[in-house]
């Protein structure tokens with residue numbers, strides 16, 4: 001492809017053409033207000049095909065005397081325009097710098113407020129519960145979430161094929177449940193009762209927080225993962241009255257001093273006798289509503305006196321020592337405290353829900 005030929009040189013017949021170029025060039029240069037417009041101006045007048053450049057190229061076609069006069073004026077104008085170009089570029093740069101300085105961030109000013117993080121409602125409730133028991137003299141102990149079948153069931157008087165195992169839908173780790181030492185995701189925090197009593201002598205007062213897992217479908221009142229708090233106290237002379245007093249004090253601290261409490265018999269393989277603790281319904285005040293199944297009472301935990309066989313199995317003298325144990329779901333306590341009707345909200349990661357706490 002043939003190259004595009006340069007345009008024909010501008011052939012001024014007199015100095016009037018240079019005067020006109022000078023006037024237009026300076027007028028347009030005064031109107032330039034940014035770097036892009038300045039570059040367009042430079043190309044138009046001083047570029048390879050600029051108007052003044054074409055005048056200089058056409059000098060060879062002029063008579064000698066006219067060539068000297070026009071050449072001197074053209075070169076003078078070129079030098080002046082190039083100098084004015086640099087001055088204009090400097091002024092534009094200074095203006096941009098001043099604008100940047102005017103808009104820069106003053107680091108001495110206080111920054112915009114940042115949203116502070118907050119604890120998850122389950123964590124808030126758990127801390128309140130643990131603070132309550134610590135103030136009563138209990139120690140906080142944690143245990144493994146992956147547990148042996150021995151501690152989760154066998155040592156708690158729940159042998160294989162025992163109907164009580166149906167109370168806990170288990171997630172097994174081993175491929176075969178019938179292996180010598182099957183492992184599982186713990187279904188409750190009660191295994192820590194055995195672990196603690198194997199390693200310590202009375203007096204014992206501990207609470208055990210931790211996550212538990214169940215192989216069950218989720219619905220507004222059930223989750224496959226939940227947080228529990230287990231309590232255990234073993235010493236000489238501990239009675240059912242100590243258990244009832246401890247749990248009643250706990251209920252009043254968590255739900256308010258005016259909350260009514262009620263104890264009702266219940267069955268758990270590792271306690272005898274067993275019971276559940278209920279509080280009067282916070283919605284109907286005990287009159288009966290849908291939330292409390294028209295009974296006026298809401299169950300919050302299960303408890304009982306540690307079974308003598310369990311005390312004997314860890315080497316304690318059941319004639320000398322007695323104890324009580326209890327277990328409760330943290331999410332359930334949080335639901336009752338805050339009027340939450342769906343346990344699945346706790347782990348849905350919906351900020352509209354979490355921002356309320």
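Readers should treat all values here as calculations from the given coordinates under stated rules, not as data from a laboratory. As the structure is a computational prediction, the values presented were derived from the model and not from experiment. Cβ sites come from the backbone with ideal geometry, for glycine too, and all protein chains shown count toward neighbours.
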Whole-number D in µm²/s for the range 121-354 (Stokes-Einstein; Kirkwood sum over Cα pairs; 37 °C, 0.692 mPa s): 177 µm²/s
In nm, spacing of pseudo-spin labels at residue 123 and residue 150 (7 Å Cα→C-beta vector): 3.5 nm
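Give me the percent of Cα-Cα pairs in the range 175-259 that sit more than 19 Å apart, rounded to a whole number.
The share of Cα pairs beyond 19 Å in the range 175-259 comes to 59 percent.
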Based on alpha-carbon atoms only, what is the radius of gyration of the range 16-102 relative to the globular estimate 2.2 N^0.38 Å? 1.28
Return the FRET efficiency for the residue pair residue 60, residue 80: r is the Cβ-Cβ distance, R0 is 22 Å, and the value is rounded to the nearest 0.05. 0.45
In degrees from 0 to 90, rounded to the nearest 10, what is the angle of the helix 121-134 Cα long axis to the longest principal axis of the chain? 40 degrees
1/(1 + (r/R0)^6) with r = Cβ-Cβ of residue 134 and residue 221, R0 = 35 Å, i.e. FRET efficiency to nearest 0.05, evaluates to 0.75
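Please find the FRET efficiency linking residue 48 to residue 114, where r is the Cβ-Cβ separation and R0 is fixed at 51 Å, and quote it to the nearest 0.05.
0.35
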Packing-ranked peptide list from 125-133, 84-92, 112-120, highest mean Cβ count within 10 angstrom first, is 125-133, 84-92, 112-120
